[in-house]
Structures are given as structure tokens and as C-alpha cells.
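First the structure, in the form of C-alpha cells, and then the observations on it.
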Amino acid sequence: MAQAIFIILSLITLGCALVVVTNRNLFHSALYLAFVFVGVAGLYFMLQAEFFAGIQVLIYVGAILTLIIFAIMLSRDLMNPNVRGFNRQWWAAAIVAGLLFVVLAVVLWRAPWPAAPVGEPSADFIAELGQALVSPAYVLPFEVVSILLLAALVGSILIARER
Amino acid sequence: MENIWTIENLWNAIGTVLRNWLAGFLPAWLVTLIMDLLVIVVLLAIGIVAVLVLSFMERKVAARAGDRYGPNRWGPYGLLQPFADAIKMLIKEDIIPHVADRFSFNLAPVIVTVGAVMTYAVLPFGRDMVAANLNIGILYFAAVGSLSIIGLLTAGWGSRNKYALISAFRAVAQLITYEVPVGLCIICVVMLAGSLSTQDIVLAQQERGWFFLLMPGIFILYFLAASAEMIRCPFDLLEADSEIIAGHFIEYSGMKFALFFLAEYIHLFAGSAMMVTLFFGGWLGPWLPSWLWFLIKTFVVIFVFMWIRNTFPRIRIDQVLKIGWKVMVPAGLVGLAITGFVDKLIADKLIAGVVLFICNIGLIIGVSYLMGRAQRRKEMAAEGAALR
Amino acid sequence: MSVQIPPTERLRTDTIEINMGPHHPSTHGVFRMVLTLDGETVVDLEPRFGYLHRGIEKTAEERTYVQNVPFTDRLDYICGITNNWAYALALEKLAGIEVPERAEYIRVILGELTRVMNHMLAIGFLWNDLGATTFTPVVYAFRERERILDLIEMAAGSRMMPSYIRAGGVVADLPEEFMPRLQKLVPHLKRFIDEMDTMLTKNEIFRARAVGVGVLKAKDAINAGITGPVLRASGVKYDIRKADSYSIYDRFDFEVPVHTAGDVYARYLQRLAEARQSLRIIEQAMRDIPEGPVTSLPYKQLSRLKPPKGEAYGRIESPKGELGFYLVSDGSNKPYRFRIRSTSLLNLTLLREMCLGHKVADVVTILGSIDITLGDVDR
Amino acid sequence: MYGTGLLKGLSVTLRHMIGTFVTDIRKFPRRYFTDGNHPTRSPEPYLHGTFSIQYPEEKVPMWPRFRGPLVHLRDPETGQPRCTACGMCERACPHGCIKVEGEGKGKERKPTRYEYNVGRCIFCRQCVESCPFNAIELSRFYELACYDKDTIWDLPRLLELGDKEVITEQGQFWGET
């Protein structure tokens, strides 16, 4: 049964992702993106990574997507059907995207996928995750990210202040 | 197994009997599927029944506060009124504005309602009575709750109405702002309980006493922030009747409006239930069965929300954001620090509780003093302004 | 540390224009405002009215003097009594009619009751505009209004359209039950105002919303001809009952309350204080009311009234401000010119200036605090 | 302290909520204060308790002076309408909602057609005050809602309503008799 759910979820995610890039209406694309995120969260759930599933929905749907939609709503002429969706550099973008696709495909192809689960995650998974973040192994990246976020926060406040 | 037939275990017992009966002639995976679907159906039913009760209660409380009787014509004491309302909603004409974005317009009520109903999965209705005892229960609740922002935005944009659009702007500003203090307050509770699971939080309160008593300051903060999250008065800016005429559902009618209505009250019920879980000991209580205690406490909290709605005016949007960022987030951070330090430094739980209580009272007085001072300054500046 | 962003690099934003009214729930009737918003801040506001125009001024020129009395009820339909009174005053000036003393007392009692009622309703609706969504303060105000209207109905036969005060006195003497009921009602109204005070005045949300919002400078208010509680809340002590004492107001001991902030909150406090003073006047009038005739001009004479050629302007301090009737007579039994100086219209004139720079929600509040009646604005 | 004003407001509404239940207890086990046939209650000045009047079951009596639609009065001796079709009411009406036609001279003059447009009437009572024959009065009838647009009432209907409302004299409550 897990297999069936996995297939359904994947189909929803992939289908919606396809619509996101092909749809001409930017707002609708953003809405389909929400389904993609929720579908990915579902996949996390199936991998027993509930914490990541929750965070995925909370951050991606609750915050990032909201801001994307907000930006779409606030920007002028973004939804105007007369505005062309391509600019003059579309070929450069296409090359970069193609290269990225090739790289990703190669990496995925060569990755050694384990055939069997590595082991059940422990029940106190979240506590362990929290401990790991402040353990010597990860404390430096963690703090660097914190400083980055803080800088972004201060910067956004400065930009928003018009006076 | 002899006490399985007590009222305490009524619902679980019914479930067990049904499962055993089904297992008699069905394969195991089908039984699991059927039982899971059944739980979903029961949760949906609880949601809809709760909405019927709440809409009736809302009208009655509003009426009683205004020296009136409220609905009392249809059925004894007007008890059938919600059904009449529901039927009226269902048979009303479904109007889609000519210029509306049909896809968004039709999708929005679905997103909002689904997001609201999904929150029921982690509510601990009683001892061993939670649909999915996730070890990230609270996180799930917050995550699913944030789905409704997308729905509100879609509704506001899809209606192609300027009032709805303003409401969508407000939705983003308000709901994102208030997710922060709500999160901070939840973290305080999680720190004391040591778990994200709703059941564990309730059990922790059995041990340490209700968190409402331990941290009144955090509770007040959570209460205000949660009422902003639930779009209840005095933070009901998204649907401000007097300013933007019901905001995002200005263009909705019939069934779609009913879905929004449903979502709003499901949010109210779920939010109150979560507040009971976090601060009022969930289903803990003597004598009565646990699920009854849970319902009683939830309805008391809901009554307080309705009472407030019947007394207070609405806050302005800039004040909402100001209070959110300048008062609630700092106060929440201070509360977080207090809770963390007290919980870590004082090993004895009783002394820790007392110290926490005193610190929280200090927090309340401090915030209240600072806000009062700011307001007094503003009022002194306003005095004589017309003559200058 | 502060970074100055040059104007050219600022975010370019557009304004949106929204149409508030004529069937917006908070415009107190069919009033319409075209708002230009920058985000939620009002950058322009254009009031548009006339949706309730019934041509009363012109219609009145085709009717006899007494036939016009019911039209005056329909101007400011919240307080019919004071409208009748202002018209009666103008006609009495025009035709030189004496008013019996008892009639003057009756006019004062009913007029001040109307003022209490109007101010309570104004406060209730102000709260409604502030977002007390379930109408609780409005319902309380309506409850007391019902009791006052009950008295007016007892005397005049109609709740909102009394047509009770006519030139030369009042239509009929007060019924016997009136005074006992009034004596019971006045202390009750005092209690009610105290309760409203407890419930509303100190409310922090209300103060946050109302203090410093919609400030009206005294100078501007005088220039625009704004009168009534709105003017007095801006610190100008101008009350026609004192300034140009009509009827028998010089016999009563009362104060003209003044507030100096000129904002929504000051207007609220002003109305509360004025309602208290009105009750004081009613108490004195109840004590002193003499016996005697109530009209010097019975209907049959009044309907044949042909005032001498000339003109007259009668004005009173209606609950909303100065209400005046300007009558020109050409010697016939119909007014040659019938002109209303309506309070609500003139009080609306500075709405734009009061609202600029505030939020949408404040526009609604400021409009509520001016307390207009559309029947009076559009006539 | 910041926040006490909010609590005060809450206390007021709570008192009102409790007050309504006290009224409920006071009239227990009945549901209404009166039955619809005997209107008695008129609101007394109290601060708490329900103020609603449950209309079809409870009715407030109108004051004697209440100005409802026009009725015609009968001569107590002959039972005939007192109206002589003099047309004073028609002239007095500010809205022109009365049309009278009559025939005969002097005391014999009787109305042949009396049209009263209740849909246009503003109940100002000027027709009654102008009537020199003590023939019309305003009734205390107020349930005017109807299903058709036929708002023009004729003489028999006005007389019938006058009989029902038991009005005998013009201005008997207005201190005019």
C-alpha cells in the first residue's frame, strides 16, 4: 500500500511541477507550486521524516510561497497577457538549465542508492537533531547561517525604511 | 480488559469492536484502510458538528450580550437554526463574478477548508484519543495552519475585488507576523513538556501542573497571538465588516461562502482546543471522562473568544503589526529566555514552577507598564492639539 | 545609523482607488466616498452625496406653512423633534408668534431627550464603525433610544416623525402618564450613561484607535462653519443655547463642555459630557414646568397663517450642531423660499482634510465621529 | 494599569449576559410575558435583562395617541359616516393621499367616493385636525404589511377599521374635545 501512496504522491508532485513551468498564468503557477511543496512534504512523511515534512510545509508553503504570491500580486504588469514571457537572453538561460539538468542526471545516476532502509529512525529523532545542530560537528555552519539570516534581516529593515 | 467498557474508553472501545468485526472477513490492509478512512470521516463529522454548534453559540452569545434572545424560532429554543442556515447556504445561488479568476476563485475555499480540517488530526480529544499521535504534533498544527494563508490570498486575488485584495494584503501581513509569537509561546510550552507531541504535553501537565498556572504571561501572549491567527476579534482585520466589508469573502456566496464559514469556525475550535492542550491540561480532570473534560474546557475558551468579540472594537492594521513586532515578539523572546533559564537552572520542579510564575507576572506588569506609558504620552500629546 | 535612499531609488508604488459606498455598511446611509489609497493610507478622498436627495426645499415652497412641518421630520430622521423646533422658531420669528410658557418647557424637555438619544446613538455607531462587530454598544444605545422614543410617541403619536412642535407651541399637551415616566427615566438614563462610560471610555483598544485620529483644528472648523459637538470637541466654546439663547435656555443652569484634542476620542467624550448636561437641563425643566396652555395658535388658525412679507432665520442647537431654517414670505400662505442650513452637510465639509494621511479604517471612524444623517446631508 | 479598561468593558457585557438569564428565570416556565391577544407589557427602565419583545406572541400596546392609518367615524345615532365630503382633509394633506367626491347640499351632503392611499400617507394627522365635522381620526392599527400593492382604501374599509379600533370621538386623547 505504501508503494501505491508513493506513486500517487509522486505523480501529483511531478504533474503539478510540470504545470508550474508550462502554465502561462503566473498566479496559477504559484498555486500549483503549493501542491508541489505539499506533495514533497508527503514524500518526506513516507520516509518517516515527519519533522522535515512539517518544516517543509511551514517554511515553503507558509512563508516562501506566500511571499512569491504576494510579490506577484504587488508587481505591476506581471500578469498582463501582452507582456512577453521571454526576454532576449532566453537562449543563455536554456543552456544553463540544460547543463544543470545534465549534471543532476549524472549525479543521480551514479549515486549508490541503498536497497534496504538503513535502520529505523529513533523515537527521539527531534531531540537528537537538536543536539546534533549544536554539536561540534555542525555548530560552525549553524552559527554562520544564523549570522547570514541576521544580516538579511537587518538589510531588509534598512531597505524598507524609507526615511 | 475489563474496564474497556467504561465511558472513558467509549470511543476507543467502539473502534476496537469495529476493527475486530471487520478483521473477521477482510484482509488486514483493507481493515487498516477502512479504519483510517473512518477516523477521517469521524473527524470531518466532528468538524461540521462543531461548526453547527459554534455558529449557534456565536449568535446566542452575541444576542445575550446585547440583551436579546437570539435565534429562538426554529425548533425548541432555536436549536434547529444552524440547520436552517446550512440549508439556506446550500441552496443559495452560487455567483462567480464575471471578471474573477475562476480557477483561483473556486480553489480558494477548498484550500482554506482542507487546511482547517487537517488540524484536527493532532488534537488530543481524550486519553488515547488522537487521530495521529505524531511526535511533531505541534509543528504539524502550525504547518497546516499556515496553509490557510495561501487560501486567503487566493480568495482575495481571485475575486478581483479591491476590498478582497486589501484583505489579502492584510492576511499576509497579519498572519505571518503572528506566527512568530505563536511559535515562541509554543516553544516555551514544548521546553517545559520536553516533547512536540500533543499527548506528551498533556501528560507533562499532569506532572507539573497546568501550564496556564506556571506561565500566565506566556499564556496571555499566546491567547492574543492565537486570536490573531484565528482571525478573531479584536484582530479580525481580514474580514472587517465596517472597513473592507468582509474582506476576502466579499464576492462569495452560497456553498463557497459556507466553506469559508466552516473553515473559520473549524479554526476557532481547533485553536481553542490547542490552547486547552497547551495551557489548560488538555483532557486532564477528575470524575468526568477525559473527552468530556476536553470538550468542556474547549467550549469555555471559545466562550471567552465570543465574549471578547462582543465587547471590543477592532485594532487598526498598523497597530496590529506594531503590537506584533514591537510588543509580542520581544515579550515572547523574553519569555522564551525566562522559561529556558528557569527550566535548566532549577532542578526542583516545584520551585521552578514558582519562579516561573513570578517571572511571568513580572513580564505582564512590565509589558503593561511600557504600553501604558506609551499610550499616556500619546494622549498627552493629543490634548489641545486642535488649538495649536 | 541611517541610510538615506535617494528618491529615485525608492520603490515606485501605485495608488489604488476604491469606492466606499453608497451601500458600504459604515457610511451611515447612501453616502459615497472615492478613496485613493497608497497601501492602506488615504492620499485622497472625495465625498459624493446626493443619493438621498428628495428636493424638500423646493417641495416646501409648494406647501402651506403647516403642511411643511412633517417634511422637517424627515431631514435628520434621528432627531425629529429638534428639526420641528428649528422650523417652528423660524416661523415664529417670521410671523411674530408668541409661545406659551408650558410649551417652551415641553420643547426643552423633548429636545434635550432627543439630544441624549442622538449622542448615545452616535457613540454606539462610532463603536460599530470601530469594529464592535456584534453591535453590542449599538444595541444598548438602541435600547435606551427605544425608551426615549416611547415617551415621544406617547406625546406626539409617532416615534421618529413626531411633527409635534409647531409654530405657536406644541400640538397637544403632554399626556398624564408622561411626567411619571420621565421622572423614572431620567435617573435611569444617568445610570445608563455611566455604564457606557465604564464600558467604553477607558478601553485601551478604543483609545489606541481614537486618540490623535482625525484631528480638526479649531481654526479650520470655524472657517468651514462646523458646529455642534464636533466644533466643541475642537476647543471652541460655541453653543447656540448660550451664544444666541433661544426659547428659555437662559433659565437653566448648565455648562457647555469643551474638549481640546479635536480628535475622534475628544468627540466621543464631548458627546458623553453633553448627554450628561442635557439630563441636568431635563431635571430642572421637570421641576419648574408650569401649568397652562400649550399653544397660542391652534391648527385651524395656523393652517390659514399668512405671515407678513419678510424673511426670518431661526436656528437652534440641534444635537448635531446649528440647524437653521431660512424662510422668506411673500405674504401668501406658502413660503416663497424655504432654505435649510443643515448641520450634517456642513460638518462633512472637512472630511477630506480630517482623513488624509490616515488609514482606511480611520476614515470609517472619523465619519462615524462626525455623526451625520444622510437625510440631513442630502435633504 | 494597561488592560484594566478592557476588563471593565468585559465585566459590563458579562453582567448583561447574566442579566438576560435572570429575566428568563423570572418568567419561568412561561416563554413570553403575554399572549398575543392581551398586550400589556411596556418596557420599564431597567439596566439589565432582555429587552426583546417577541413580536407575534408579545405585543406592546400602542399609546392612545399613536398615529396609524385613517379611519372614519360613525354617527352614534344613525350609524352613518359623519363625513360630509367637504374636502378639507383633501386640502390639508401635504402628500395628496386623500381624494373625496360627494353629492348633496348642506347637511345632506354625503361622500360618494373616498379614496385614502395608505401607501402614501405619512400619518401626520393634519387631515384629522382640519376636519370640521368630527368625522375622521387616526387609528392605533399598525400591522400594515400586505401582499399586494392595493394600498388605496375606500370608505367602507375605513369605517370598518374604525369600528374595529373602537374610536368614537375625534381627538379624544389629544386634549381637544
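Taking Cα atoms only, the orientation of helix D:155-165 departs from the longest principal axis of chain D by about 40 degrees. For chain C, the residue among C:MET117, C:ALA172, C:HIS53 whose Cα projects farthest onto the positive side of the dipole built from Cβ charges is C:ALA172. Quotient of the Cα radius of gyration of region C:189-247 and 2.2 N^0.38 Å, N being its number of residues: 1.45. With a cut-off of 17 Å on the backbone N, the residues of region D:88-130 near the modelled label site 7 Å out from D:GLN80 along Cα-Cβ are D:101-114. The value given for region C:78-142 is a Kirkwood hydrodynamic radius of 13.6 Å, derived from the mean inverse Cα-Cα separation. Taking C:ARG341, C:ARG287, C:ARG74 as the candidate residues, the one with maximal mean-square fluctuation in a Gaussian network model of chain C, Cα springs under 10 Å, is C:ARG287. Every helix of 4 or more DSSP H residues in chain B counts as -39500 (n - 2.57), and over all residues that averages to -23000 deg cm²/dmol at 222 nm. Helix C:101-130 and the longest principal axis of the C-alpha atoms of chain C enclose an angle of approximately 20°. Computed over region B:266-388, the convex hull of the alpha-carbon atoms projects to a mean area of 11.2 nm².
If R0 is 25 Å, the Cβ-Cβ spacing of B:LYS378 and C:VAL43 corresponds to a FRET efficiency of close to 0.60. Projected over every direction and averaged, the convex hull enclosing the alpha-carbon atoms of chain A yields 14.2 nm². Loop sites only, by DSSP: take the chymotrypsin sites (Phe, Trp or Tyr not before Pro) in chain C that have at most 16 other C-beta atoms within 10 Å and name the longest stretch containing none of them. After excluding every exposed loop site, the longest remaining stretch is C:78-379. Close amide-amide hydrogen proximity is noted between C:VAL213 and C:VAL264, C:TYR265, each under 5 Å apart and 5 or more residues distant or on a separate chain (H modeled in the peptide plane; Pro and chain starts excluded). For the listed peptides C:354-362, A:143-151, B:178-186, a ranking on the average number of other beta carbons within 10 Å per residue, highest first, reads B:178-186, C:354-362, A:143-151.
Across D:GLY87, D:GLY162, D:GLY49, mean-square fluctuation computed from a Gaussian network of chain D (C-alpha pairs under 10 Å connected) peaks at D:GLY49. Between chain C and chain D, the total buried accessible area stands at approximately 3500 Å², from heavy atoms with a 1.4 Å probe.
For the protein assembly as shown, which whole-number percentage of the solvent-accessible area (1.4 Å probe, protein heavy atoms only) is attributable to carbon and sulfur atoms?
Answer for the protein assembly as shown: carbon and sulfur cover 65 percent of the accessible area.
Projecting the Cα positions of B:ILE361, B:GLY384, B:ALA374 onto the charge dipole of region B:332-388 (unit charges on Cβ atoms of Lys, Arg, Asp and Glu, taken about the Cα centre) puts B:GLY384 furthest along the positive direction. Listed by number, the DSSP H helices of chain B that run 30 Å or longer by alpha-carbon position along their axis and have mean Kyte hydropathy of at least 0.0 are B:28-65, B:162-193, B:254-279, B:349-382.
Here the simple spin-label model places points 7 Å from the Cα toward Cβ, and for D:CYS146 and A:ALA97 these points are separated by 7.3 nm.
If one takes the longest principal axis of the Cα atoms in chain D, at what angle in degrees, from 0 to 90 and to the nearest 10, does the Cα axis of helix D:4-26 lie? Once rounded, the angle reads 60 degrees.
Along its three principal directions, the equivalent ellipsoid of region B:146-191 from the Cα gyration tensor extends over semi-axes of 28, 9, 4 Å, largest first.
Here the average projected area of the convex hull drawn through the C-alpha atoms of the protein assembly as shown stands at 55.7 nm².
If R0 is 41 Å, the Cβ-Cβ spacing of B:ALA45 and B:ARG208 corresponds to a FRET efficiency of close to 0.75.
Ratio of Rg to Rh for chain B: 1.00 [Cα atoms; Kirkwood radius as inverse mean 1/r over pairs]. Beyond a 22 Å Cα-Cα separation, which of these cross-linked pairs lie in this structure: C:LYS306/D:LYS105; B:LYS162/C:LYS359; C:LYS320/D:LYS8; C:LYS202/C:LYS237? Listed pairs above 22 Å: C:LYS306/D:LYS105; C:LYS320/D:LYS8; C:LYS202/C:LYS237.
Over region C:273-379, the hull volume per residue, using the convex hull of the C-alpha atoms, is 146 Å³. Listed peptides B:72-84, B:268-280, A:25-37 appear in the order B:268-280, A:25-37, B:72-84 once ranked by packing, highest mean of other Cβ atoms within 10 Å at the front. Chains B and C together bury roughly 3500 Å² of accessible surface, counting both sides and using a 1.4 Å probe on protein heavy atoms. Geometric descriptor of chain C, per residue, is 148 Å³ (volume of the convex hull of the Cα atoms). Toward the positive end of the charge dipole of the protein assembly as shown, with +1 on the Cβ of Lys and Arg and -1 on the Cβ of Asp and Glu, the farthest Cα among B:ALA63, C:SER329, B:ALA121 is that of C:SER329.
Structural descriptor for region B:269-338: relative contact order 23 percent, calculated from alpha carbon pairs under 8 angstrom and at least 6 residues apart. Only Cα pairs under 8 Å and at least 6 apart count here; give the relative contact order of region B:1-100 as a rounded whole percent. Rounded, it is 12 percent for region B:1-100. Modelled this way, with points 7 Å down the Cα-to-C-beta line, the labels at A:ARG110 and C:HIS53 are 8.2 nm from one another.
Report summary: the helix-based calculation at 222 nm, which adds -39500 (n - 2.57) for every DSSP H run with n ≥ 4 and divides by the residues of chain C, gives -14000 deg cm²/dmol.
Shielding of peptide C:300-312 by partners, expressed as the average count of other chain Cβ atoms within 10 Å per residue Cβ, is 1. In the context of the full set of protein chains, residues of region C:8-107 present 41 Å² of accessible surface per residue (probe radius 1.4 Å, heavy atoms only).
Taking chain A as a Gaussian network, where each spring joins two C-alpha atoms under 10 Å apart, which residue of A:TYR44, A:TYR138, A:TYR60 fluctuates the most? The residue with the greatest mean-square fluctuation here is A:TYR138.
Whole-percent P(r), chain D, all Cα pairs, 10 Å bins from 0: 8, 28, 23, 15, 13, 8, 3, 1, 0.
Computed about its Cα centre, the charge dipole of region B:1-137 is approximately 400 debye, with only Lys, Arg, Asp and Glu carrying charge at their Cβ. Spin-label model, A:VAL139/D:ILE18: points 7 Å from Cα along the beta carbon direction are separated by 5.8 nm. Structural descriptor for chain C: relative contact order 27 percent, calculated from alpha carbon pairs under 8 angstrom and at least 6 residues apart. Counting Cβ atoms of other protein chains within 10 Å of each residue's Cβ and taking the mean over peptide B:107-116 gives 1.
Residue by residue through B:158-166, how many Cβ atoms from other chains fall within 10 Å of the Cβ on average?
That average works out to 3.
Full extension of the segment from B:LYS349 to B:TYR369, taken as 0.36 nm per residue of separation minus the current Cα-Cα distance, would add 4.2 nm.
Here region C:79-209 is treated as a sphere whose radius is the Kirkwood value from Cα pairs; by Stokes-Einstein at 25 °C and 0.890 mPa s it diffuses with a coefficient of 153 µm²/s.
The values are calculated or read from the model by the stated rules, or taken from the named source; none is laboratory data. What you see is a predicted model, and the numbers here were worked out from it, not measured in a lab. Cβ atoms come from the backbone with ideal geometry, glycine included; neighbour counts cover every protein chain shown. These accessible areas exclude ligands, DNA and RNA; they are computed on the full protein's heavy atoms, side chains included. Shrake-Rupley method; radii C 1.70, N 1.55, O 1.52, S 1.80 Å.
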